[in-house]
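*Asks:* Structure provided below as structure tokens; questions to follow.
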Amino acid sequence: MLLRRAGFALGGSLRQQLQRQPMPEAAAVPQHRWLSNGGRKTHPKILITGGLGQLGVECAKLLRSQYGEESVILSDIIKPSDAIVNSGPYIFADILDFKGLQKIVVNHRVDWIIHFSALLSAIGEQNVPLAVRVNIEGMHNVLELAKQYKLRIFVPSTIGAFGPDSPRNPTPNVTIQRPRTIYGVSKVHAELMGEYYHHKFGLDFRCLRFPGVISSDPPGGGTTDYAVAIFFEGLKTGKYQCYLKPDTRLPMMYIEDCLRSLLEFMTAPEEKLKRRVYNVTAMSFTPEELADKLAKYIPELHVSYRPDSRQLIADSWPQVFDDSEARQDWGWQHHYDLEKLVDLMVRDVTDNYIKKAP
């Protein structure tokens, strides 16, 4: 899973890479309750960081459909398109600027933070110092912010939080992790810090470990991105060269299932949550299995295999994700299997990209 693809956009400060921001102490501020009377808010006010990645924009659409357009603030450090600006509130938010984040929370009376800002697996390996800044220091800022202002906070984790010593088939919710990418290390750190803040300070920290997330956004070159690129290249040229071995099995999930799991988890009653971090998934497949399904739509499809450095990352990740605890505790159920995924992706990529190509 890489930048923008399974996909959390980079939302940290590029202009302040070498400047460390302090995290000043502040008195805790009571959280507003969203009630239907008494002049209080009827819905939570939600801030999404790293909002212009694969998940942020679609997450905002889902949450706005539930809570209203003005209740969800999308943010990033990137200049938005007209479509983004016209779809609802959008602001500049630098996760490495703690005082700036405080102003946003106070001025907009924020209740929830959904923290998508991250530099992901292969991209993080190319710039480890920046990954530490964005993934660890940025996460510390939003965690401290949530503690001070009594916010509910969601921080996504990943199959990349596991390593070669982890059991791979299946990978249970609680097991040895010890990842070997800076992205994975930073996510284990986030999980443990969030759990610590929950037990120490009562912070309402919630975290889901996502598998590869598949959507019809163009691929970004990440470890699980072959499962998107094969549709774009296959439908356009009838050929695709895969950078993973044909039998590389990885857990996957369609974006609609991913975002629905987030919403259901964020609204699950506190008493149902037996832990703060859960695995969620929908399916596991290999490049070869995906190519076989896609060949039903593209009979002339030819897939070749030339593994690169991403193979080493994939070989340390889970093959099958055990999400039985999420299913038992708060009722998680996926809707999309491999056949439905392929059918949707063929239609979406064809309609939105292939037919519109110059």
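The values are calculated or read from the model by the stated rules, or taken from the named source; none is laboratory data. Every value quoted in this text rests on a predicted model; they were computed, and no experiment measured them. Please note: Cβ atoms are built from the backbone with ideal geometry, for glycine as well, and neighbour counts cover all protein chains shown. Note: areas computed on protein heavy atoms with side chains; ligands, DNA, RNA excluded. Shrake-Rupley method; radii C 1.70, N 1.55, O 1.52, S 1.80 Å.
*Asks:* Would you please put 51-61, 168-178 in order of how densely packed they are, using the mean number of other Cβ atoms within 10 angstrom per residue and starting with the highest?
*Replies:* The densest-packed peptide leads the list: 51-61, 168-178.
*Asks:* Cβ neighbours within 10 Å, averaged per peptide: list 135-148, 226-239 in order, most packed at the top.
*Replies:* Those peptides, ordered most packed to least, come out 135-148, 226-239.
*Asks:* Taking every pair of Cα atoms in segment 60-116, average 1/r, invert it to obtain the Kirkwood radius, and report Rg/Rh to two decimals.
*Replies:* So for segment 60-116, dividing Rg by the Kirkwood Rh gives 0.95.
*Asks:* May I pose another question? Can you give the translational diffusion coefficient of the chain in µm²/s, computed by Stokes-Einstein from the Kirkwood radius over Cα pairs at 4 °C and 1.567 mPa s?
*Replies:* Result for D is 63 µm²/s.
*Asks:* Please sort by residue number the GluC sites (Glu not before Pro) in segment 272-304 whose DSSP state is loop and whose Cβ has at most 14 other Cβ atoms within 10 Å.
*Replies:* E300
*Asks:* How large is Rg over Rh for segment 127-268, taking Rg from the Cα atoms and Rh as the Kirkwood inverse mean of 1/r across Cα pairs?
*Replies:* Radius of gyration relative to Kirkwood radius: 1.01.
*Asks:* Quick check on packing: order 121-129, 75-83 by the mean number of other C-beta atoms within 10 Å, highest mean leading.
*Replies:* 121-129, 75-83
*Asks:* Could you work out how far apart the two model spin labels at E270 and K79 are, taking each label as a point 7 Å from the Cα in the direction of the beta carbon, and quote it in nm?
*Replies:* If labels sit at E270 and K79, their model points lie 4.5 nm apart.
*Asks:* With a 1.4 Å probe and every protein chain left in place, work out the accessible area per residue of the chain in Å², rounded to a whole number.
*Replies:* 42
*Asks:* Another question about this same structure. Kindly provide the helix-only [θ] at 222 nm of the chain, computed as the sum of -39,500 (n - 2.57) over DSSP H runs of four or more divided by all residues, to the nearest 500 deg cm²/dmol?
*Replies:* -10500 deg cm²/dmol
*Asks:* Then there is this: Excluding residues on the same chain fewer than 8 positions from K340, give the aspartates and glutamates whose Cα lies under 15 Å from its Cα.
*Replies:* E256, D257, E289, D292, D348
*Asks:* Return the aspartates and glutamates within reach of K150: Cα separation strictly under 13 angstrom, same-chain partners fewer than 8 residues apart disregarded; answer none if there are no such residues.
*Replies:* D111, D204
*Asks:* Could you grab the relative contact order for the chain? Cα pairs under 8 Å, six or more apart, rounded to a whole percent.
*Replies:* Relative contact order, the chain: 18 percent.
*Asks:* Can you tell me the FRET efficiency between I354 and S309 if r is taken as the Cβ-Cβ distance and R0 is 22 Å, rounded to the nearest 0.05?
*Replies:* It comes to 0.15.
*Asks:* Rounded to a whole number, what is D in µm²/s for segment 61-172 from Stokes-Einstein with the Kirkwood radius over alpha-carbon pairs (10 °C, 1.306 mPa s)?
*Replies:* Roughly 100 µm²/s, to the nearest whole number.
*Asks:* On each of the three principal axes of the Cα atoms of segment 273-358, give max minus min coordinate, whole Å, ordered largest first.
*Replies:* That gives 51, 31, 24 Å along the principal axes, largest extent first.
*Asks:* Counting every Cα pair in segment 90-146, what percent are over 16 Å apart?
*Replies:* The share of Cα pairs beyond 16 Å in segment 90-146 comes to 43 percent.
*Asks:* Okay, moving on. Expressed as cubic angstrom per residue, what is the convex hull volume of the alpha carbon set of segment 163-231?
*Replies:* Dividing the Cα hull volume of segment 163-231 by its residues yields 124 Å³.
*Asks:* Which percent of the accessible area of the chain is formed by carbon and sulfur heavy atoms (probe 1.4 angstrom)?
*Replies:* Here it works out to 51 percent.
*Asks:* With label points built 7 Å along Cα→Cβ from the Cα atoms of V128 and H43, find their separation and express it in nm.
*Replies:* It works out to 4.4 nm between the two label points.
*Asks:* Determine the distance separating the Cα centre of segment 314-358 from the Cα centre of segment 289-306; give it in Å without decimals.
*Replies:* Spelled out, the Cα-based centre of one part sits 17 Å from the other.
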